[in-house]
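Structure first, commentary second.
The values are calculated or read from the model by the stated rules, or taken from the named source; none is laboratory data. Remember, predicted model here, so these are calculated numbers, not experimental data. Neighbour counts are summed over all protein chains in view; Cβ atoms, including those assigned to glycine, are modelled from backbone coordinates with ideal geometry.
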Amino acid sequence: MTDIHDLLDPYQSDLTDAEIETLAVRAGQYRTQEHEHSEAIFPTSSYVFRSAAEAQATFSGNAQGNVYSRYTNPTVRTFEERLAAMEGGEACAATASGMAAILSVVLAHLKAGDHVLCSQSVFGSTINLFEKYLRKFGLDIDYVDPTDASAWKAKSRAETRLFFLESPSNPVMEVADIEALAAVAKEVGALLAIDNCFCTPAIQRPLSLGADLVVHSATKFIDGQGRCLGGAVVGSKELIDPVVGVLRTAGPTMSPFNAWVFTKGLETLSLRMKAHSENCTAVAEWLEQHPKVTKLNFCGLASHPQRALIDKQQSMSGGVLSFEVEGGKEAAWHVIDSTRMISITANLGDAKTTITHPATTTHGRITEDERLAAGISQGLIRVAVGLENPKDVIKDLARGLDSL
């Protein structure tokens with residue numbers, strides 16, 4: 001039986017020591033007998049075998065090959081191998097969404113009675129997943145300040161099996177010391193999983209800093225144009241194989257078409273993240289001087305309280321910021337509703353600049369106490385700066401800010 005790897009173009013196979021921009025374009029690419037230059041899409045649910053014996057050998061894992069697109073598909077495999085190469089991981093499992101990626105990690109590596117330490121500053125749906133659904137199956141969860149490694153150690157116990165956090169955090173841009181947390185996790189026998197959605201491997205590679213797993217919502221910057229839902233988990237083969245087992249059984253799987261879109265998105269990821277970072281910096285510098293802005297959260301600020309750590313872990317600032325205005329929800333909504341170009345949507349990582357009110361959208365389903373613990377006030381606005389000219393983004397934000 002022909003292994004898909006046998007179709008690899010021999011002239012493109014040597015990527016030893018290749019830089020991330022090269023991996024983004026070349027890693028994981030296979031060519032069929034048609035010798036296509038752009039990656040092919042395989043929109044099939046199942047695969048045909050030449051005999052019952054070949055089917056049995058493939059299903060049992062004794063022979064390599066595609067089994068069923070719930071967990072083996074050539075297009076999805078291309079995306080998985082490319083993202084794994086960019087993150088510096090051995091393997092990747094692609095999922096239907098970023099939340100499906102987090103769920104798959106938990107199902108693969110935790111059991112009833114295990115203890116999870118989660119950052120108090122994470123996406124609202126992550127808290128809902130832990131609190132409303134996973135806790136009732138016997139997981140115990142505590143929440144910790146992502147910036148205080150000593151607090152993670154203090155709250156760890158014999159049953160602690162997972163540290164989960166975002167860095168930078170959504171939406172207040174708190175940055176965790178990944179190396180320090182990796183050391184604590186190793187000491188207590190827990191896995192360290194980092195949501196790298198805001199940075200992507202173009203800016204930050206958590207595995208190189210000691211993390212065990214990297215989680216992505218590919219829906220965001222990896223896609224880059226707000227077209228498809230998808231997620232991914234990257235790490236060692238030993239840790240990813242159980243995640244693949246979850247996909248095979250439960251089926252929170254990425255579709256071939258979405259995988260193709262994400263693969264093409266990876267090709268321009270480094271270029272786009274540079275542009276997002278530059279544009280976001282220009283908008284942040286303007287916001288920092290605006291008299292109606294009472295607080296600004298952005299990794300590119302010289303005044304960021306974790307400036308030295310950001311410079312150590314990240315190669316760029318990223319394309320997301322948040323800021324507060326006086327007057328609570330009414331004032332924040334005024335700024336948002338006054339825009340005429342920026343898209344009012346909770347998605348981020350798009351070519352188009354987006355704006356949202358976290359307290360009533362992305363974090364609207366958690367309690368007010370949970371929001372305040374995460375630094376999310378009613379006056380907070382999050383902006384993910386796109387690829388427009390930043391002067392036009394500034395002009396649009398000024399409509400509301402100048403009239404407060």
Pick from the range 332-351, criterion among the charged types (D, E, K, R) and surrounded by fewer than 17 Cβ atoms within 10 Å (Cβ to Cβ), ranking: farthest from Asp223 (Cα to Cα): Asp337
Within the range 142-177, restricting to residues that are among the hydrophobic types (A, V, I, L, M, F, W, C) and more than 21 Å from the chain's Cα centre (by Cα), the one that is surrounded by the fewest Cβ atoms within 10 Å (Cβ to Cβ) is Ala158
Which listed residue is modelled with pLDDT under 95 and either more than 23 Å from Val234 (Cβ to Cβ) or of a type in the set (A, V, I, L, M) (or both), from Ser38, Ser51, Ser46: Ser38
Just one of the numbered conditions (1) modelled with pLDDT of 95 or more; (2) surrounded by 14 or more Cβ atoms within 10 Å (Cβ to Cβ) is not true of Leu15; which one? (1)
Does any residue of the range 117-126 turn out to be more than 30 Å from Gly265 (Cα to Cα) and part of a helix (DSSP H, G or I)? no
Count, please, the residues in the range 347-397 that happen to be over 23 Å from Lys292 (Cβ atoms), among the basic types (Lys, Arg) and modelled with pLDDT of 95 or more. 1
Yes or no: Thr362 out of contact with any Phe, Trp or Tyr (no Cβ under 6 Å at 6 or more places or on another chain) and more than 25 Å from His304 (Cα to Cα)? no
Check off (1) outside the structural domain of Val175 (by TED's automatic domain parsing); (2) at pLDDT 95 or above for Pro305 and give me the number that stays unchecked. (2)
Cβ pairs under 8 Å, 6+ apart, first in the range 388-400 and β-branched (Val, Ile, Thr), second outside any helix (DSSP H, G or I): Val393/Met341; Val393/Ile342; Val393/Thr353; Val393/Val383; Val393/Val385; Val393/Gly386
Only one of these is surrounded by fewer than 24 Cβ atoms within 10 Å (Cβ to Cβ) and small (Gly, Ala, Ser): Ala193, Ala185, Ala211, Ala180. Name it. Ala180
Candidates Leu191, Leu213, filtered to the one that is touching a residue at least 60 places away in the same chain (Cβ under 8 Å), closer than 16 Å to His115 by Cβ and either in the same structural domain as His109 (by TED's automatic domain parsing) or β-branched (Val, Ile, Thr) (or both): Leu191
Tell me whether the range 231-245 contains one or more residues that are assigned by TED's automatic domain parsing to the domain that holds Arg31, in contact with a Pro (Cβ under 9 Å, 6 or more places away or on another chain), buried (at least 22 other Cβ atoms within 10 Å of the Cβ) and more than 30 Å from Thr147 (Cβ to Cβ). no
State which residue is surrounded by the fewest Cβ atoms within 10 Å (Cβ to Cβ) when the search covers only the range 52-84 and only residues that are among the aromatic types (Phe, Trp, Tyr) and outside any helix (DSSP H, G or I). Tyr68
Restricting to the range 86-115, name every residue that is part of a strand (DSSP E or B) and surrounded by fewer than 23 Cβ atoms within 10 Å (Cβ to Cβ). Ala91, His115
